[in-house]
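Participant: Input: one structure, supplied below.
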Amino acid sequence: VRGMNHRGHRPRTIIVDDLEDRESVNTDEQRLKTRTWAYGDLMPAKADLDANSTIIALGTLLHKEALLMYWAADPDWTVVKFGCRDKQADWIWPALMDDERYLKKKQSFTNAGMLHVFYMEYENQYRSPETALVREDMIKVEVPAEDIIATSIYIDPAISDKPDADRTCIVVASMTT
C-alpha cells in the first residue's frame, strides 16, 4: 500500500477487512506494529486532496487496544458497530440466529470458559476476562461440602438515589469445622 499511486492519483476508496486476527493483537509489540503500518502506510495512501476519498475498515473487536478501537475513538472516523442484533434487539439475520440458537451458543462458549470470545464474535464487544469485576479465578472452594457447618448470605440493597452510589451487593460466606 505504501506509496500507492497510479498515474499521479492515490486511491479514493481503500477497504480493509479483518485487518487484525487473534495472533496480531496478542502482544503490545504486534499491536504497535499494526498501528504503525496503518498510520504510516495505509492512511497516507488515501487521496487526501479528494474530499470523497475514504477508508472503510471492517472487522471484529479482538482486543481493547486493537486498531479498530483506536479508530472507533477517533472523531475523524464514522463508526457503525453492530453484533447479531439491531438497536431494537431484533435479529439481523433471523435465518442464522434466533433466541434459542443464541442461548445455546452462549452456553457452549460459557462451558468452554470462552464467554469473552462469544461477546466478541456475536455482540462485537470486547470483554476481557482479566478485567472482569468477578473472575472465575476469584471464586475458590477448597473444602468438601460436608465440612461446611454454616452459610450466610448478606445483602446490601443500596437504596441511595445518588448517581455514584454502589449497586446492590450480595455476599455469600461459609464457615467450616
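Participant: So with the 1.4 Å probe, I'd like the accessible area per residue for the chain, rounded to whole Å².
Facilitator: So the chain comes to 77 Å² accessible per residue, rounded to a whole number.
Participant: If you put +1 on each Lys and Arg Cβ and -1 on each Asp and Glu Cβ, how big is the dipole of the chain around its Cα centre, in Debye rounded to 20?
Facilitator: Working: 22 positive and 30 negative charges, 154 e Å.
With only Lys, Arg, Asp and Glu charged at Cβ, the dipole is about 740 debye.
Participant: Please determine, in degrees from 0 to 90 and to the nearest 10, the orientation of helix 99-111 with respect to the longest principal axis defined by the Cα atoms of the chain, where the helix direction is its Cα long axis.
Facilitator: 70
Participant: Would you pull out the residues with amide H under 5 Å of residue 55's amide H, same chain only if 5 or more places away, H placed 1.01 Å from N?
Facilitator: For residue 55, whose amide H was placed from the backbone, the distant partners under 5 Å are 14.
Participant: Also, quick follow-up: Where the accessible area of the range 106-177 is counted over protein heavy atoms with a 1.4 Å probe, how much of it, in %, is carbon and sulfur?
Facilitator: The nonpolar share, carbon plus sulfur, comes to 55 percent.
Participant: Another question, if that's okay. Given the options 38, 51, 150, which has the most mean-square fluctuation in a GNM of the chain, springs set between C-alpha atoms less than 10 angstrom apart?
Facilitator: 150
Participant: So which GluC sites (Glu not before Pro) in the range 66-148 pass both tests, a DSSP loop state and at most 15 other Cβ atoms within 10 Å of the Cβ? Before the final figure, lay out the partial values.
Facilitator: Working: sites: 100, 121, 123, 130, 136, 142, 146; in loops: 142.
In loop regions of the range 66-148 (DSSP not H, G, I, E or B), the sparsely surrounded GluC sites (Glu not before Pro) are 142.
Participant: Same structure, new question: Highest GNM mean-square fluctuation, the chain, Cα pairs closer than 10 Å: which of 155, 55, 139?
Facilitator: Per the Cα network of the chain with a 10 Å cutoff, 155 tops the list.
Participant: Let me ask you something else. State to the nearest 20 debye the size of the charge dipole of the range 86-177 about its Cα centre, where the only charges are +1 on K and R beta carbons and -1 on D and E beta carbons.
Facilitator: 160
Participant: Right, something else. When only the heavy atoms of the protein chains count and the probe is 1.4 Å, how do 108, 152 rank by accessible area, highest first?
Facilitator: 108, 152
Participant: Show which aspartates and glutamates lie in cross-link reach of residue 87 when reach means a straight Cα distance below 13 angstrom and same-chain residues fewer than eight apart are skipped.
Facilitator: Result set, ordered by chain and number: 123.
Participant: For the chain, take the longest principal axis of its alpha carbons; what is the angle in degrees between that and the long axis of helix 28-37, to the nearest 10 within 0 to 90?
Facilitator: Relative to the chain, helix 28-37 is tipped by roughly 30 degrees.
Participant: Which of the three applies to the range 55-131, rounded, prolate or oblate, going by the alpha-carbon gyration tensor with a ≥ b ≥ c and a/c under 1.5 meaning rounded?
Facilitator: It is oblate, given that a/c is not under 1.5 and a/b is not larger than b/c.
Participant: How much of the DSSP beta bridge set in the chain is antiparallel, as a percent to the nearest 5?
Facilitator: 65
Participant: From the protein chains alone at 1.4 Å, what is the descending order of accessible area for 74, 164, largest first?
Facilitator: Descending order: 164, 74.
Participant: So for 64, 87, 162, what's the accessible-area order with a 1.4 Å probe, most first?
Facilitator: Solvent-accessible surface, decreasing: 87, 162, 64.
Participant: Could you list the GluC sites (Glu not before Pro) in the range 1-87 that lie in coil according to DSSP, counting only those with at most 16 other Cβ atoms within 10 Å of their Cβ?
Facilitator: 23, 65
Participant: In addition: Positive end of the charge dipole of the chain (Lys, Arg +1 and Asp, Glu -1 on Cβ, about the Cα centre): tell me which of 54, 119, 145 has its Cα farthest that way.
Facilitator: Of 54, 119, 145, it is 54.
Participant: So, with +1 on the Cβ of K and R and -1 on the Cβ of D and E, and no other charges, what is the size of the charge dipole of the range 12-52 about its Cα centre, to the nearest 20 debye?
Facilitator: Numbers: 6 positive and 10 negative charges, 28 e Å.
So the magnitude is around 140 debye.
Participant: Projecting each Cα onto the charge dipole of the range 30-99 (Lys/Arg +1, Asp/Glu -1 at the beta carbon, about the Cα centre), which of 32, 83, 66 comes out farthest on the positive side?
Facilitator: 32
Participant: Also: Would you indicate which of [x] 1.53; [y] 1.12; [z] 0.99 is the value of Rg/Rh (Cα atoms, Kirkwood Rh) derived from the coordinates of this structure?
Facilitator: [y]
The values are calculated or read from the model by the stated rules, or taken from the named source; none is laboratory data. Since the structure is predicted, the reported quantities are computational estimates derived from the model, not experimental observations. When we count neighbours, we look across all protein chains shown, and the Cβ atoms used for this are built from the backbone with ideal geometry, even at glycine. Ligands, DNA and RNA are stripped out before the accessible areas are found, and what is left, the full protein with its side chains, is counted by its heavy atoms. Shrake-Rupley method; radii C 1.70, N 1.55, O 1.52, S 1.80 Å.
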